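Right, one structure below, let's go through it.
Please treat every number below as a calculation from the coordinates, not as lab data. Remember, predicted model here, so these are calculated numbers, not experimental data. Don't worry about glycine lacking a Cβ; one is built from the backbone with ideal geometry, like all the others, and counts go over all protein chains shown.
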Amino acid sequence: MRIDVVTIFPPLLAGAFEHSIIKRARDRGVVDIRVHDLRDYTDDRHRTVDDYPYGGGAGMVMKPEPWFRAVESLRVRGNPGRAVLLTPQGKRLEQRLVQRLATEDRLIVLCGRYEGVDERVREYLADEEISIGDYVLSGGEPAAVVLVDAVVRLQPRALGSAESTVEESFAEGLLEYPQYTRPPEFRGWRVPDVLLSGDHGAVDRWRRGQQQERTRERRPDMLEDGGGSSQQS
Ligand code: ADE
C-alpha cells in the first residue's frame, strides 16, 4: 500500500512513522509512506498557502491551488488513490472505516488547518472527509498519525502473530480482557487465580466473560450495534 500525506508541517509527521509497527511495516515493504510539504506546491516567492476569507471574518483560509497541484502531481503516474481530507466536519473514524481504507492500494491524506480550507478542495478534490472524533485539533496532522497507524496495522504482514490477536478481539466488537504479567502479587494486588491455574479452557472462558462485562459496562453502544463482526459505524 502507498500512503502520501500532504501537510504544511512535515516534521510533525516524520517521526511518528519511524518507530514500532509502522517502521517495521515500512522496512518490510508492506507500506510506502511519503510525507509532502504543501509549500513545495506553491508558485510564489513566499510559498503562500493561505489568504483572507471572502466575505470577511477572523482567520485565514487555505488556498485551493497548492492542494490541487499537490494531489494532481502525486497522481500523475500510477494509481490515482483515494484523497482523504482530515477535518472535524468529516465522517467519524471507526474501525469499520479503517478496515475499508486499509483495502485501498493508495491513500492521499490531506492535513488541513482547523481554521479552514477553501471549500473547492472539499468539493472537487477530496474523495472523502474524515474526523477522528468530536474535538478540535489545530490541524489534521495528529489525525493523520492516528489514521495511518490504524490503517497500517491492518495490512497483511504488518503485525507479528502475537500482536494480531488483540486486533481480532477488537474487530469482534468487544473490548479487550484485562492483562497481567509478573509478579503474581504487587503491593498486595493479586493476579486473578484463574490465570495462574494452567487451565487453558478456564482462562479462555474467564477472558471472554471479562470482555463481555467490560463492554457492557463501558461501551454498551458497541453491543447494541448487533454484536457483528466490526465496531459501530
Ligand atoms: N482537524 C481538526 N480537528 C480534527 C479532527 N477532530 N479530526 C480530523 N481532523 C481535524
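Listed conditions (1) more than 16 Å from the ligand (Cβ to nearest atom); (2) under 15 Å from GLU65 (Cα atoms); (3) of a type in the set (D, E, K, R) are all met by ASP105, apart from (2). Scanning the range 1-45 for residues that are farther than 14 Å from LEU147 by Cβ and among the polar types (S, T, N, Q) turns up SER20, THR42.
Give the range 114-144 a look and list any residue that's more than 7 Å from the ligand (Cβ to nearest atom), outside any strand (DSSP E or B) and within 14 Å of the chain's Cα centre (by Cα), or say none. Answer for the range 114-144, where residues must be more than 7 Å from the ligand (Cβ to nearest atom), outside any strand (DSSP E or B) and within 14 Å of the chain's Cα centre (by Cα): GLU141, PRO142, ALA144. Step by step: first the residues of the range 50-88, then only those that are among the hydroxyl-bearing types (Ser, Thr, Tyr) and without any contact (Cβ under 8 Å) to a residue 24 or more places away in the chain, then the one that is nearest to VAL5 (Cα to Cα). Which residue is that? Once the filter is applied, the top-ranked residue is TYR52.
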